[in-house]
Each structure stands twice: as C-alpha cells, then as structure tokens.
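Before any comments, here is the structure.
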Amino acid sequence: QLQASGGGLVQAGDSLRLSCAASLRTFNRYSLAWFRQAPGKERGFVAAISWSAGSTYYADSVKGRFTISRDNAKNTVYLQMNSLKPEDTAVYYCAADRARTAQTMIQQKGMDYWGKGTQVTVSS
C-alpha cells in the first residue's frame, strides 16, 4: 500500500528527498508520517502531516532541516532532508493512518499502514 523511495548515499551537508507513493483509495483522508531506524536502535518518529496538510509535526532532531509535504493528486508524501548529518543515517519508513492528527502520528502502535523502508546513509 505504501512504497518509499529516494534513499541513497550522500555526504554530510547534502540534501535528499524521499518519496512515499500510496495505493490508498482515499489517500486524502489519511495522515502520514515518516519514521527512521538507525542500526542498533529502535524505530523513531521523524515527521508527520495531517490529512488536510494544515498541520505538520517534527521530531526536535530534524526541526528546521527536514520538511514533510504531500501531493494528494499524486497520492504521495515527501520528506525533504537538508543539511544532512551522519546521525541521520537510517532506514526511513512511511506510515499512514486515517484516524489521527499529525501530533498523534508519533505513536507507532496501531498504525494503519507501513511502507517498506528506504536506506539513507550520510557519510562524514
């Protein structure tokens, strides 16, 4: 239902844009989020956007560097990542839920849909 793409190997300070294409019939009714899992760590919240795109929410570690957006005409959510740091290295996952706000997308348990991850590696 969700397919993330756009990962790769970049250097510190570079930018990268992740995409997540969704095959959800009512995509515009879903809030969407990005999570990431670094080696040896638990998966954690990165950013979320409400179904209306009127509200976004970010982890403190990415605030000011990452921007989440959505294109309902393309059934796609994006994560623009600027000023990348080695600590941003992780597998990035997208997620969707119909019954949440951007803020409550931080809770991983019970999420409606998860996509397969895309690897982002930032070298120093």
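Only one of the numbered conditions (1) open to solvent by 60 Å² or more (accessible area, probe 1.4 Å); (2) closer than 15 Å to Gly7 by Cβ; (3) hydrophobic (A, V, I, L, M, F, W, C) is not met by Ala99, and that is (2).
Checking the condition aliphatic (A, V, I, L, M), assigned to a loop (DSSP other than H, G, I, E, B) and either modelled with pLDDT of 95 or more or out of contact with any Lys or Arg (no Cβ under 6 Å at 6 or more places or on another chain) (or both), which residue from Met105, Met111 passes? First the steps, then the outcome.
Working: Met105 fails: assigned to a loop (DSSP other than H, G, I, E, B).
Every option except Met111 fails the conditions.
Quick check on my filter: what residues within segment 36-53 are open to solvent by 50 Å² or more (accessible area, probe 1.4 Å) and either modelled with pLDDT of 95 or more or more than 22 Å from Asn82 (Cα to Cα) (or both)? Explain how you work it out, then say what you get.
Step one: filter segment 36-53 for residues open to solvent by 50 Å² or more (accessible area, probe 1.4 Å), giving 37, 39-43, 51-53.
Listed by number, the residues that qualify are Gln37, Gly40, Lys41, Glu42, Arg43, Trp51, Ser52.
Filtering Tyr78, Tyr93, Tyr58 for residues that are open to solvent by 20 Å² or more (accessible area, probe 1.4 Å), closer than 15 Å to Gln1 by Cβ and of a type in the set (Ser, Thr, Tyr) leaves a single hit, Tyr93. Across segment 114-124, the qualifying residues are those that are closer than 28 Å to Ala12 by Cβ and not in a loop (DSSP other than H, G, I, E, B), and the one among them that is most open to solvent (accessible area, probe 1.4 Å) is Lys116.
Filtered by the rule that a residue be in contact (Cβ under 8 Å) with a residue 60 or more places away in the chain and either surrounded by fewer than 18 Cβ atoms within 10 Å (Cβ to Cβ) or touching a Cys at 6+ places or on another chain (Cβ under 6 Å) (or both), segment 81-90 gives Asn82, Ser83, Lys85, Pro86.
With more than 21 Å from Val120 (Cβ to Cβ), out of contact with any His (no Cβ under 9 Å at 6 or more places or on another chain), free of Cβ contacts under 8 Å to residues at least 60 places away in the same chain and among the small types (Gly, Ala, Ser) as the only criterion, which of Ser50, Ser31, Ser61 stands out? Don't jump to the end; show me each part of the working.
Working: Ser31 fails: free of Cβ contacts under 8 Å to residues at least 60 places away in the same chain; Ser61 fails: more than 21 Å from Val120 (Cβ to Cβ).
Only one candidate qualifies: Ser50.
Total residues in segment 11-35 satisfying the condition of being within 18 Å of Ala99 (Cα to Cα), surrounded by fewer than 20 Cβ atoms within 10 Å (Cβ to Cβ) and of a type outside the set (Val, Ile, Thr): the figure is 5.
The values are calculated or read from the model by the stated rules, or taken from the named source; none is laboratory data. No experiment lies behind these values; they were computed from the predicted model shown. Heads up, the Cβs are rebuilt from the backbone with ideal geometry, glycines too, and the neighbour counts pull from every protein chain shown. Areas reflect the complete protein model, heavy atoms only, side chains present, ligands, DNA and RNA absent. Shrake-Rupley method; radii C 1.70, N 1.55, O 1.52, S 1.80 Å.
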